[in-house]
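Below: the structure, in structure tokens.
The values are calculated or read from the model by the stated rules, or taken from the named source; none is laboratory data. Please read these numbers as outputs of a predicted model, since none were measured by experiment. Methodologically, a virtual Cβ is constructed for each residue, glycine included, from the backbone with ideal geometry; neighbour enumeration extends over all protein chains shown. Heavy atoms of the whole protein, side chains included, go into the accessibility calculation; ligands, DNA and RNA do not. Shrake-Rupley method; radii C 1.70, N 1.55, O 1.52, S 1.80 Å.
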Amino acid sequence: MFNDIGPLELVTLVVLAVLVFGPDKLPKVIQDVSRTIRKIREFSDSAKQDIREELGPEFKDFEFEDLNPKTFIRKQLDSDELGLKEIRSGFDLKKEMADVTDAVHGRDSTSSSASSASSASSGGGRIDMTKKPEPSAADDRPPFDADAT
């Protein structure tokens, strides 16, 4: 509740309370405030209990903190009903990047994936994404695209 109040702010509030209420009335004011806070908590707890009773047994594990959207989404993603953990474990970023690189360069992904895996293991686990000119034969012509002309 008071997590963001620092020690200097707390001392300032105490001095201000002593100045406003005086040292004689301050203990009575503190008792009244604490009694009011206690009554508000009791009222809140009884209201929560009444809501749980009205919802019925199918909502016995209902928590009011779940009404917060962040908490609700985090709870839904942590449960493995959607199979997200299986999807995450099946996704290999290095292999996907190697496949994309091979597709861009027009190489066969099966033969180059083994060579890229060996080059990745020799290169400290990194894939070389720099552009290197490929040697071309003198009689090689670029592929003709009829739709581009």
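Per-residue SASA remark: E53, around 120 Å² accessible (1.4 Å probe; ligands, DNA and RNA not included). Each of K94, K25, K48 has its accessible area taken with a 1.4 Å probe; listed largest first, they run K25, K94, K48.
With a Förster radius of 41 Å applied to the beta-carbon distance between S46 and K94, the computed FRET efficiency rounds to 0.10. Computed across region 25-82, the Kirkwood hydrodynamic radius from all distinct Cα-Cα pairs reaches 14.4 Å. What the phi angles of region 21-38 give under the Karplus curve with 6.51, -1.76 and 1.60, with θ = phi - 60°, is a coupling list of 8, x, x, 7, 8, 4, x, 5, 5, 4, 5, 5, 5, 5, 5, 5, 4, 4 Hz, glycine and proline written as x. At the residue level, L10 shows approximately 100 square angstrom of accessible surface with a 1.4 angstrom probe and all protein chains present.
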